[in-house]
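Take a look at the structure set out below.
The values are calculated or read from the model by the stated rules, or taken from the named source; none is laboratory data. Remember, it's a predicted structure, so these values are computed and weren't measured experimentally. Please note: Cβ atoms are built from the backbone with ideal geometry, for glycine as well, and neighbour counts cover all protein chains shown. For accessibility, only protein heavy atoms count, side chains too; no ligands or nucleic acids. Shrake-Rupley method; radii C 1.70, N 1.55, O 1.52, S 1.80 Å.
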Amino acid sequence: MSAQSSTGIQTLLEAEKEAQAIVAKARAYRTQKLKDARTEAVKEIEAYKSAKEAEFKKFESEHSVSNTKAEEEANASVQSELIAIKEAAAKAKDAVVAQLIEAISTPKPTLHVNSQ
């Protein structure tokens, strides 16, 4: 009976070793699959990122021309307004100076509000 129980124990030990080997192989397979999935995800992210960057560069190049044009128009408008303001100031300069000199040179005596 000892030979039969010894054979049964030996069979169980071999089955346990075989099960451990299968589990280890499954773990290694799963780990490799996770690594492969991560690598693939990184590749997909990089491809998506480069595609979006290219799309942005294209959009930027298309719209930078219109921005430059709008900026030039705004600068021209500002320059024309500055010229108009300078012309108005030059026209009114003599009158304003005369009014200031008159206000300074001709005092108008009045009582202060608090002295009444």
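Here are a few things to note about the model shown:
- Failed item, numbered, when Ile45 is tested on (1) open to solvent by 90 Å² or more (accessible area, probe 1.4 Å); (2) modelled with pLDDT under 95: (2)
- All of (1) open to solvent by 70 Å² or more (accessible area, probe 1.4 Å); (2) modelled with pLDDT of 90 or more; (3) among the β-branched types (Val, Ile, Thr) hold for Thr110 with one exception: (2).
- Residues of region 59-87 classified as basic (Lys, Arg) and either modelled with pLDDT under 90 or in contact with an Asp or Glu (Cβ under 6 Å, 6 or more places away or on another chain) (or both), total: 1
- Condition check for Glu53: open to solvent by 80 Å² or more (accessible area, probe 1.4 Å), at pLDDT below 90 and charged (D, E, K, R): no
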